[in-house]
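Just below is one structure, and these are the notes that go with it.
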Amino acid sequence: MYRLYTIIMLLCCSMYVHAQRTQTIRGTITDKESKTPLIGVLIKLVGVTPEIAGVSDENGAYVLNAAPLGKLTVSAQYISYQPVILSNILVTSGKEVVLNIEMEESATKMQDVEVKAKKEHINEMAVVSAKTFDVSETERYAGSRSDPARMASNFAGVQGADDSRNDIIIRGNSPQGVLWRLEEIDIPNPNHFAVPGTTGGPVSMLNNKTLANSDFFTGAFPAEYGNSTAGVFDLKMRNGNNKRHEFTGQLGFLGTELAAEGPFSKKSGASYLFTYRYSTLKLFEGLNIKIGTSSIPNYQDAALKLNFPIGKKANLSVFGIGGLSKIDLIVSNQTEQPEELYGESDRDQYFYSNTGVLGVSFNYLVNKNTYTKFVIAESVNEIGAHHDKVFRNANWQVDSLKNVLGYMFNTKTTSSHWYINTKLSARSVVRAGIVNNYYSVNLLDSSRQYPPSRQDWQQRLSYKGGTDLLQGYVQYKYRPSDALTLTAGLHVQYLTHNNKAVIEPRIGMRWRVSSSGVMTAGYGLHSQMQQLYQYYAHLPQYTQAVMHNYNMGFTRSHHVVAGYEHALSKVLRLRTEVYYQYLFNVPIEMRAGSSFSGLNQGASFSRLFPDVLLNKGTGYNYGLELTVEKTFSQNFYVLATGSVFDSKAKGNDGVYRNTDYNTRFATNLLAGYEPKLSKNSVLITGVKITYAGGRLYSPPDVAASNALGDLVVVDSARNTLRFPDYFRADAKLGVRINAKKLTHEIAVDLVNVFGIKNILSLTYNADLGAQGVYPFVKSYQLGFLPLFYYRIDFGSGKNR
């Protein structure tokens with residue numbers, strides 16, 4: 001650590017210069033509800049002398065030239081609109097700041113309302129359990145690894161499943177209940193090495209350099225969102241700079257990447273944005289650099305957005321993300337049993353997953369109060385694997401290999417979303433839309449894993465066909481005053497292959513009870529279809545035509561939420577929410593006495609093929625969340641979040657048991673200090689401490705496990721045991737240097753800096769079982785992991 005600090009200080013000294021450097025801040029200002037440009041808005045930098053200010057033109061565009069570098073505050077004021085103040089806008093020498101601002105018309109007499117950038121929800125219908133995902137925080141917060149999902153685990157009520165994956169567990173719900181959206185389209189799991197039936201993975205495909213600030217919902221979300229019972233991550237991509245070509249290069253442990261953006265035509269305002277990343281470890285292997293293992297994760301991803309304004313009323317954009325990943329986990333060449341986090345020690349595993357999304361969106365301003373938008377996209381998700389069982393002798397030498405598992409899950413989805421939004425008055429807005437997802441699948445899965453002596457293949461899945469999920473919604477927002485916002489909506493969805501349909505009401509309220517206090521409340525009924533492959537699976541003893549869970553209905557959930565927010569000062573805020581969630585129509589096994597519940601799926605590297613299921617299970621989650629935040633000022637920030645909760649599920653045995661995710665409590669403490677080292681360089685430091693309840697597990701049945709060759713638990717005692725509580729500390733140290741026309745940033749993220757051995761699970765070891773000893777071993781979470789990166793940002797041409 002001392003050597004790293006010394007290197008950083010030398011870099012700062014070697015690049016120190018006294019010249020005052022500046023940058024351009026520009027963007028557009030629009031009405032929040034109608035999206036029409038606002039003309040004549042006064043926009044200025046707060047606390048900067050001499051004053052730097054500007055006025056928006058007929059297109060809503062503004063420019064602030066010669067802005068000083070650092071963290072700045074921008075204010076926007078307009079007659080009959082609520083003032084907006086955006087704090088902690090990072091300005092560097094390498095790239096212009098494109099800051100687009102939406103302003104809300106005052107419902108009554110204009111009041112002085114300060115709106116923080118990270119507190120303002122992108123979706124105007126969001127009033128409760130909505131948090132803004134700030135792209136800058138994926139790099140600022142220690143342990144976030146530039147990953148939106150891992151950053152979200154810092155929010156109150158949200159936690160991860162384990163260190164090796166970025167699954168999002170919201171309020172004790174399965175991560176399977178999370179809906180991912182991109183550019184207002186439902187998308188498949190956006191992670192590398194993702195397995196069917198999950199929403200997380202080890203490495204995110206999403207590149208934060210292409211994302212704009214987005215919304216993250218944890219309950220009672222607006223009516224436009226369907227097919228989710230836990231939460232929604234509604235991601236937006238930003239447009240490329242339409243005035244100046246800019247570039248980024250980055251070398252890091254998680255990938256080597258390039259990014260470019262700029263104008264196609266400065267006159268038309270058309271722009272491009274593109275990023276590409278390749279696995280750094282695989283790159284090192286190609287250069288014959290030894291890294292200590294042969295199981296190298298091979299992945300690459302790319303993202304793009306092309307934006308084309310069409311006159312003053314229309315806009316067309318093309319967007320896409322894609323990723324390829326592959327890994328071979330070979331244990332047959334091991335001479336001693338390894339500690340392997342991602343695989344099992346008794347088999348060679350060959351795995352791949354490929355995902356791509358390509359879409360087009362078109363929006364049109366019908367008039368000054370109405371706009372409409374249509375988005376269509378095609379996504380492809382291909383996942384496959386095969387496993388070879390390794391048989392060893394008493395000396396742990398390989399006797400033979402046997403192919404025991406093979407599967408292929410290919411899904412093509414055509415998604416579309418159309419809506420129309422009308423601002424009826426300064427007080428009211430209505431939106432209505434249709435969402436459609438057509439899934440075309442080709443699914444194969446066969447196994448002869450258990451018991452190890454099995455020779456015949458058991459086919460569990462062989463289906464080629466499709467189904468359609470059609471959704472519609474209408475939502476209304478009414479503001480009787482600037483202090484009170486009311487929302488109401490209705491969502492419907494219909495699944496074509498088995499004719500299942502649901503209707504879901506949603507309501508919400510946000511009430512500013514004082515200049516510093518806000519109360520919120522909301523209710524929503526939410527539903528989610530089951531995992532596609534489970535509809536089409538069949539029991540091995542029957543033919544593929546007998547799909548025993550084909551007619552499963554939606555899992556459903558009532559959400560009730562109430563909250564209170566209080567501004568203790570301009571930079572210190574407190575937020576608390578209390579919630580109750582009742583789940584019903586949950587899939588449970590028909591088998592009498594079974595404790596199985598569909599609420600325990602979705603956070604592993606395995607697929608699940610249950611017996612005959614019924615939509616008769618129930619569950620509940622309730623809890624209290626608290627957030628205390630000191631926003632960045634005087635060079636430091638502090639964020640403390642905590643939640644206490646209970647999460648239960650009931651199977652066919654009629655007993656409410658802990659769900660897999662009922663850790664009872666989760667807390668995070670994050671802090672950072674970013675002082676100036678010189679006029680043009682900043683030291684970046686940060687820490688994160690996580691303390692949460694221990695993971696639940698079930699007592700193993702030794703005799704049954706030895707007979708099967710895999711872990712079998714005592715079903716009647718599911719989730720009655722608990723591992724020790726989880727503790728992890730992360731740290732970050734780096735420096736940002738603003739050189740002439742470019743910005744350097746070098747940092748190291750120290751994950752689990754103390755090397756705490758947190759227990760992940762109990763696993764079955766066939767070799768121990770064969771020796772007649774206790775066959776279960778503890779698998780541990782991630783140990784100490786240093787993650788470095790070096791990034792350079794620069795642009796071509798002069799700053800205006």
What does the charge count near L599 come to, summing +1 for each Lys or Arg and -1 for each Asp or Glu among other residues with Cβ under 15 Å from its Cβ?
-> +2
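Which whole-number percentage describes the relative contact order of the chain, with Cα contacts under 8 Å and a sequence gap of 6 or more? Don't skip to the answer; put the middle values down first.
Working: 2309 pairs, mean separation 90.9, N = 800.
This gives 11 percent for the chain.
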Straight-line reach check, K570, cutoff 17 Å on alpha carbons, 8 or more apart in-chain or any other chain, hits among lysines -> K71, K116, K118, K119, K630
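Taking the mean number of other Cβ atoms within 10 Å as a proxy for protection, how do you rank 198-205, 587-594, 228-235, 32-39 from highest to lowest? Walk me through the numbers before you get to the answer.
Values: 198-205: 23.9, 587-594: 16.6, 228-235: 26.4, 32-39: 19.0.
Peptide ranking by packing, descending: 228-235, 198-205, 32-39, 587-594.
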Please work out the Cα center distance from the range 48-83 to the range 424-482, rounded to the nearest Å.
-> 43 Å
Starting from the Cα of K464, draw a straight line to each of the lysines and keep only those under 18 Å, dropping any in the same chain fewer than 8 residues away.
-> K412
Of L401, Q250, H744, whose Cα points farthest to the positive end of the dipole of the chain (charges on the beta-carbon: +1 Lys, Arg; -1 Asp, Glu; origin at the Cα centre)?
-> H744
Backbone HN-Hα couplings from phi across the range 60-65 [Karplus 6.51/-1.76/1.60, Hz, Gly and Pro as x] = x, 7, 9, 9, 10, 8
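Report the charge-dipole magnitude of the chain in Debye, nearest 20, computed about the Cα centre from +1 at each Lys and Arg Cβ and -1 at each Asp and Glu Cβ. Intermediate values should be presented prior to the final figure.
Working: 81 positive and 66 negative charges, 420 e Å.
That gives the chain a dipole magnitude of about 2020 debye.
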Cubic angstrom per residue, convex hull over Cα atoms of the range 520-599 = 139 Å³
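From the cross-link list K312/K423; K236/K326; K44/K267; K266/K423, which pairs have alpha carbons spaced over 29 Å apart? Numbers along the way, then the final one.
Working: K312/K423 19 Å; K236/K326 27 Å; K44/K267 26 Å; K266/K423 32 Å.
Pairs exceeding 29 Å: K266/K423.
About its Cα centre, what dipole magnitude does the range 328-407 give when the only charges are +1 on Lys and Arg Cβ and -1 on Asp and Glu Cβ, stated in debye to the nearest 20? It would help to have the intermediate numbers written out before the result.
Numbers: 6 positive and 11 negative charges, 133 e Å.
Result for the range 328-407 is approximately 640 debye, rounded to the nearest 20.
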Convex hull volume of the range 310-428 per residue (C-alpha atoms, cubic angstrom) | 152 Å³
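What's the local net charge at V714, with K and R +1, D and E -1, over the other residues with C-beta under 14 Å away? Walk me through the numbers on the way to the answer.
On the way: positive: R657, R718; negative: D653, D701, D715.
Once positives and negatives cancel, what remains is -1.
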So between Y494 and S515, what do we pick up on full extension, going 0.36 nm a residue minus the alpha carbon distance?
-> 3.2 nm
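Based on DSSP H runs of at least 4 residues, each adding -39500 (n - 2.57), what is the mean residue ellipticity at 222 nm of the chain after dividing by all its residues, to the nearest 500 deg cm²/dmol?
Working: 7 runs with 46 residues, N = 800.
Counting only the DSSP helices, I get -1500 deg cm²/dmol.
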P(r) of the range 397-512 over all Cα-Cα pairs, 10 Å bins starting at 0, rounded to whole percent, reads 11, 24, 20, 16, 13, 10, 5, 1
With x for Gly and Pro, the residue-by-residue ³J(HN,Hα) of the range 392-404, computed from phi through the Karplus equation 6.51 cos²θ - 1.76 cosθ + 1.60 at θ = phi - 60° and given in whole Hz, is 10, 8, 5, 8, 6, 8, 6, 8, 6, 10, 9, 5, 10
Give me the Debye-computed log₁₀ of I(q)/I(0) at q = 0.04, 0.07, 0.09, 0.11 Å⁻¹ for the chain, equal point scatterers on Cα only, no solvent, two decimals.
-> -0.17, -0.52, -0.89, -1.36
Excluding same-chain residues fewer than 8 positions from K650, which lysines have a Cα within less than 22 Å of its Cα?
-> K616
Residue by residue through the range 709-719, which ³J(HN,Hα) values in whole Hz follow from phi under the Karplus form 6.51 cos²θ - 1.76 cosθ + 1.60 (θ = phi - 60°), with glycine and proline marked x?
-> x, 7, 5, 10, 9, 6, 4, 6, 10, 4, 6
Between S425 and Y438, what length in nm is gained on full extension when 0.36 nm per residue of separation is reduced by their alpha carbon distance?
-> 1.0 nm
Per residue, how many Å² of accessible area does the chain show with a 1.4 Å probe?
-> 40 Å²
Just name one of T685, S595, T663: the one whose Cα is farthest towards the positive end of the charge dipole of the range 588-696 (beta-carbon charges, Lys/Arg +1, Asp/Glu -1).
-> T685
Packing-wise, with mean Cβ within 10 Å as the measure, how do 554-560, 707-713 rank, highest first?
-> 554-560, 707-713
Relative packing of peptides 162-168, 578-584 - highest average C-beta neighbours within 10 Å first = 162-168, 578-584
Distance in nm between K570 and T22 label points, each 7 Å along Cα→Cβ, equals 2.3 nm
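If eta is 1.306 mPa s and T is 10 °C, what Stokes-Einstein diffusion coefficient results for the range 682-800, Kirkwood Rh from Cα pairs, in µm²/s? Walk me through the numbers before you get to the answer.
Values: Rh = 18.2 Å.
It diffuses with D of about 87 µm²/s by this estimate.
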Determine the dipole magnitude for the range 380-514: charges of +1 sit on the beta-carbon of Lys and Arg, -1 on that of Asp and Glu, nothing else is charged, the reference point is the Cα centre, and the result goes in debye to the nearest 20.
-> 580 debye
Percent carbon-and-sulfur accessible area, the chain, ignoring ligands, DNA and RNA, probe 1.4 Å | 59 percent
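The values are calculated or read from the model by the stated rules, or taken from the named source; none is laboratory data. Because the structure is predicted, anything quoted here is derived from the model rather than measured. Backbone-built Cβ (ideal geometry, glycine too); neighbour counts: all protein chains shown. Protein only, heavy atoms only, side chains kept; ligands, DNA and RNA dropped before computing areas. Shrake-Rupley method; radii C 1.70, N 1.55, O 1.52, S 1.80 Å.
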